Every structure is written in structure tokens, then in C-alpha cells.
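Data first, discussion second: the structure below is written as C-alpha cells.
We did not get these values from a lab; they are worked out from the coordinates using the rules stated. Keep in mind it's a predicted model, so treat the numbers as computed, not measured. As a convention, Cβ positions derive from the backbone with ideal geometry for all residues, glycine included, and neighbour counts pool all protein chains shown.
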Amino acid sequence: MDRAFVYMRSLFFLASFLVMGPIAWAKPVITTRYEYYDIGGSTKQELRDQLRKVGPHRGGETVAYTEQNISYNYQTGGMGACGVVSYQVTMAIVYHMPRWQQAANSSSPLAQEWNKFVQALQIHEDGHAQNARDTAQAVDKAIAAIPAFSDCRRTKSAVVVAAQKAISQCDRLDTEYDQKTMHGIKQGSTL
Ligand SMILES: [Zn+2]
């Protein structure tokens with residue numbers, strides 16, 4: 001019987017604000033990169049053992065996960081009332097994936113199976129990456145909707161509350177996605 005692995009994501013939340021800076025309205029900056037961990041083996045069981053041993057774990061038998069690092073900065077100001085005059089949301093997405101070098105130059109049944117497994121992992125993690133993009137858009141929209149207050153401190157706290165609310169709502173997207181896909185199992189990510 002095939003063994004299933006679970007995949008997790010993480011959300012690191014950073015917030016900062018700029019007191020001064022150029023006034024600019026910009027779309028969220030979203031970057032994507034990969035971090036691989038290499039495994040070895042020549043049988044399926046060895047690969048499974050390696051995944052279990054070398055994988056990122058993260059509280060379970062996680063073999064891949066998508067890290068989401070969101071940050072934003074903003075500037076407040078205005079005449080009479082204090083509003084957000086510029087801001088920038090940034091989302092850095094990092095895919096953590098296994099790599100079995102031998103599969104790249106082989107057409108063996110095991111290599112084919114491995115490649116299929118990794119493709120399914122990618123499909124699953126792409127869903128998390130899309131949630132990360134949606135999170136960045138939601139935070140962007142939430143900050144854009146902040147009204148002006150008489151006191152800049154109120155404006156700043158409104159930004160933080162709105163951004164955190166948007167982030168926690170999006171956090172649920174990942175939980176629901178993992179429930180729906182059984183952490184990728186329903187998308188074929190088993191080896
Ligand atoms: Zn997942």
C-alpha cells in the first residue's frame with residue numbers, strides 16, 4: 001500500500017512602516033523561488049525512506065511545502081486628516097521540494113514514477129502558491145481601503161488590524177485546500 005505524506009505551508013508575517021519615503025502606489029511584489037533537498041536511493045522503498053529521513057518534517061512526514069513570507073510597508077500623512085499615502089505589499093514564495101538527481105537522466109519505471117510524483121507535488125504546492133498570491137492581493141486591498149483618521153496612530157493601527165485580518169482569512173484558504181485535497185493525496189502526490 002502506498003504511503004501518503006503530508007505537505008504543509010507556513011506563513012511568516014512581517015510588518016513595518018516607513019515614516020518617510022517616496023509616495024507610490026504599486027501592485028504587490030510577488031517573487032517565487034525553489035529550495036531543493038537532495039535524496040538518494042535506487043528502489044522505491046529507499047526513496048520513501050529518504051523522503052521520510054531527509055524531508056522537512058514540520059510536525060509530520062512532510063516532503064514538500066510552500067513557504068509564504070509576506071511583508072508590507074506604508075507611509076501615512078495628509079493635511080487635516082491622516083491617511084495612508086503610499087504602501088507596498090511584498091510576498092516571497094519559496095517552494096521546498098525533494099530532488100532525486102537520478103530521475104533526470106533515466107527513463108526507468110522508477111524514474112517515471114518519481115517524476116509523476118514530483119509533478120503531483122508541484123500541482124499541490126501551486127495551489128498554496130496561488131493562495132499566497134491571493135493573500136498578497138487581499139492585504140493590498142485591505143490597506144487601500146483604510147480611511148483617513150484625525151490621528152496618525154489610529155491610521156497605523158487600522159492598517160495593522162486590516163492587514164492581519166486579511167492574512168488570517170487567507171490562512172484558512174490553505175487549511176481548506178489541504179482538507180479538500182487531503183494534503184495533495186487526491187492530486188496524486190503519493191509515492
Ligand atoms: Zn498542502
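Relative to the longest principal axis of the Cα atoms of the chain, the long axis of helix 109-144 lies at roughly 10 degrees. For the range 162-191, trypsin sites (Lys or Arg not before Pro) meeting the loop criterion (DSSP other than H, G, I, E, B) and having at most 16 other Cβ atoms within 10 Å: none.
Counting only DSSP H runs of at least 4 residues, each contributing -39500 (n - 2.57), and dividing by the residue count of the chain, the helix-based mean residue ellipticity at 222 nm comes to -14500 deg cm²/dmol. Looking at the chain, the DSSP beta bridges with both ends there are about 45 percent antiparallel.
Derived value for the chain: Kirkwood hydrodynamic radius 18.4 Å. Basis is the mean of 1/r over every pair of different alpha-carbon atoms.
Close amide H pairs (under 5 Å, H built 1.01 Å from N) link Thr62 with Val6, His57, residues at least 5 positions away or on another chain.
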